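This report refers to the structure that appears directly beneath it.
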Amino acid sequence: MAPNLMIPGPVTVEDDVLYEMSQPVRPHYGADWTAVYNETRALLKQVFRTEGDVHILVGSGSAGLDAGIGSLTLPGEKAIVGTNGYFGERLIEICEAYGLQVIPVRAKLGEPLDPARFEEALGGHPKAALVTLVHLETATAVLNPLQEIAALARRHAVPVVVDAVSSLAGAPLAMDEWGIDICVSATQKGLGAPPGLGPIAISARAWEIMDSKPTRNHGWYLNLQTWRKFATEWGAWHPHPVTMATNNVMALRASLNKLLAEGIESRIERYTKLALRLRNGVRRLGLRPLTPDARLAPVLTAVYGPEGVGSSEIVKYLREEHDLRISGGLGEGLAERVFRVGHMGPRVSEQDIDLVLSGLEGFLQHRGILQIAS
């Protein structure tokens, strides 16, 4: 029996989506395949809410971020990077790996990024090559004010690259309306499909910037211009530069159809209700969410563990005693202080939340520290 995944991803995949992974392997070229691939890209455009181009990289969300940052920049250029957690620090690492001068805009763990700090950075570095940030910082379950930050960057004519790995289809996001230039996600979270693909959406302005820098020497596989070349020159029969993970794309197509049939807003509303159910439940047990309800992330909640109890102990207890998978803290300062519960994916329900709460209550009883609020 499969474990109950209540982690920040991957999510439990629905049976009819998983069925596509078990089908015979089909060729990754030809008219029939191209029709399936282009249909999947069109569905993704609806989810990203963009009229721009979408490509499906074979790789993780980090591959998409690597591609987006590297394709837009030249070594020595400046990158304004928002960071308030583990994955914001990863953006810094990616930028530094491309020889960029990083201008960090930091916030404390558990706090959202401050748009005013970005205004300062943009004013002080008017020739910055990009602004990049994580929309939903998975390490802390903090949603950053992406729309406001993107608007500031737009006014300064600086392109925006967004890590939407955890937020796409799980929190409000409108790429074109918000002025985002490159938006990166992954299939194993809000999109409700198996891991392995990194969808990436690219604006017309982003292509113009890439084309204005012909000496980038970015490489081939994660150079977005390579993907555009095959989509245009080979688009009738082989619209991507590599052997595509065909079964993964079929599964993604199935999950996207289900997502859009339910409606993104409806799914986010359902996740939000689950988040509040979890938050109210942990408070009843004497525990405290890392962020207030006003700043909840619909798909993920981080909770402080009891004083003096490492979160790994809680994770282990729920796994061994209840066959529930949750996650511990991530990154320096949070690794043993918080645990994280994912409530994303089309199959997650109130019953799943109640199972987690029951398991937490059992743990607190086991440790003799249960304090149920009246």
Among the aspartates and glutamates, select those whose C-alpha is under 14 Å from the C-alpha of Lys78, and discard any that sit fewer than 8 residues away in the same chain.
-> Glu93, Glu96
Taking θ as phi - 60°, what are the ³J(HN,Hα) couplings along the stretch 41-48 by the Karplus curve (6.51, -1.76, 1.60), each to the nearest whole Hz, with x for Gly and Pro?
-> 5, 5, 5, 4, 4, 5, 6, 5
Only Lys, Arg (+1) and Asp, Glu (-1) charged, at Cβ; the stretch 53-139 dipole about Cα centre in debye = 120 debye
Under-5 Å amide H pairs with Val105, H placed in peptide plane, nonlocal only = Val81, Gly82, Thr83
Between Lys258 and Val36, how many nm apart are label points set 7 Å from Cα along the C-beta direction?
-> 1.8 nm
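Please sort 196-209, 315-328 by packing, taking for each peptide the average over its residues of neighbouring beta carbons within 10 angstrom, highest first.
By packing density, highest mean first, the sequence is 196-209, 315-328.
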PRE zone check, label point 7 Å out along Cα-to-Cβ of Ser212, amide N under 13 Å, scope the stretch 62-100, hits 72-74
Would you mind telling me the antiparallel percentage of the DSSP bridges in the chain, rounded to 5?
-> 55 percent
Could I have the simple spin-label model distance between Asp323 and His366, label points 7 Å from Cα toward Cβ, reported in nm to one decimal?
-> 1.6 nm
Asp53's amide H: which non-local residues (gap 5+, or another chain) put their own amide H closer than 5 Å, with H modeled 1.01 Å from N in plane and none for Pro or chain starts?
-> Ile202
For Leu143, net neighbour charge (Lys/Arg +1, Asp/Glu -1) across residues whose Cβ lies under 10 Å away | 0
List every residue whose amide H lies under 5 Å from the amide H of Ala139, counting only residues 5 or more places away in sequence or on a different chain, with H placed 1.01 Å from N in the peptide plane.
-> Tyr86, Phe87
For the stretch 314-329, just list the computed ³J(HN,Hα) in residue order, Karplus coefficients 6.51, -1.76 and 1.60, θ = phi - 60°, integers in Hz, with x standing in for Gly and Pro.
-> 5, 4, 5, 4, 5, 5, 7, 9, 10, 6, 10, 9, 10, 10, x, x
Quick one: which of 290-298, 153-161 comes out on top by average Cβ neighbours within 10 Å, and what's the full order, highest first?
-> 153-161, 290-298
Using θ = phi - 60° and the Karplus curve 6.51 cos²θ - 1.76 cosθ + 1.60, what whole-Hz ³J(HN,Hα) does each residue of the stretch 113-129 get, with Gly and Pro shown as x?
-> 5, 9, x, 4, 5, 5, 4, 5, 5, 5, x, x, 9, x, 9, 4, 7
Hull surface divided by four, with the convex hull built on the Cα atoms of the stretch 15-260: how many nm²?
-> 12.2 nm²
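Computed from the coordinates by the stated procedures, all read-outs in this text should not be read as laboratory data. Source: prediction; values computed, not measured. Cβ: placed from backbone, ideal geometry, glycine included. Neighbour counts: every protein chain shown.
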